[in-house]
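Here the structure is laid out as structure tokens; the discussion comes afterwards.
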Amino acid sequence: ENQALKPVKSDYEQGVVTLPLIHALAEVPHLKEKALKGMVDKETLDRIVLSSGGIKRTRQLAKKYFDKSILILDKLSLTEEKKALLSKLLSKSYREF
């Protein structure tokens, strides 16, 4: 929660499907059907997301797009001040875990 600056692990309870959960759903047979039927509790879902690599995969994807954004930023014809502001925004949005 300190890193995310928001409550964590509450998305599922609110009906929000996040990237770690999407990965778990793709990796674990029948998880979607069980979840839709309300047969998966929060602790089980947390364990499945971790064991399926959902968190790791999400971090890798975030890093990939952060790096790509920084490279693109360097190619834009912006003032150094604007590049610095955008770079700061990108860095704030992406935090190394």
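The values are calculated or read from the model by the stated rules, or taken from the named source; none is laboratory data. On a predicted model such as this, the values are computed, not experimentally measured, just so you know. So basically every Cβ, Gly included, is an ideal-geometry build from the backbone, and we count neighbours across all protein chains shown. Accessible surface areas use protein heavy atoms only, side chains included; no ligands, DNA or RNA. Shrake-Rupley method; radii C 1.70, N 1.55, O 1.52, S 1.80 Å.
Residues in segment 42-97 that are open to solvent by 100 Å² or more (accessible area, probe 1.4 Å) and either under 15 Å from the mean Cα position of the chain (by Cα) or closer than 19 Å to HIS23 by Cα (or both): 11 in all.
Of everything listed in (1) in contact with an Asp or Glu (Cβ under 8 Å, 6 or more places away or on another chain); (2) without any contact (Cβ under 8 Å) to a residue 12 or more places away in the chain, the single unmet condition for ASP41 is (1).
I'd like to know if segment 29-36 contains one or more residues that are under 25 Å from ARG95 (Cβ atoms) and either out of contact with any helix residue (DSSP H, G or I) (no Cβ under 6 Å at 6 or more places or on another chain) or at pLDDT 90 or above (or both). No; the residues of segment 29-36 include none that is under 25 Å from ARG95 (Cβ atoms) and either out of contact with any helix residue (DSSP H, G or I) (no Cβ under 6 Å at 6 or more places or on another chain) or at pLDDT 90 or above (or both).
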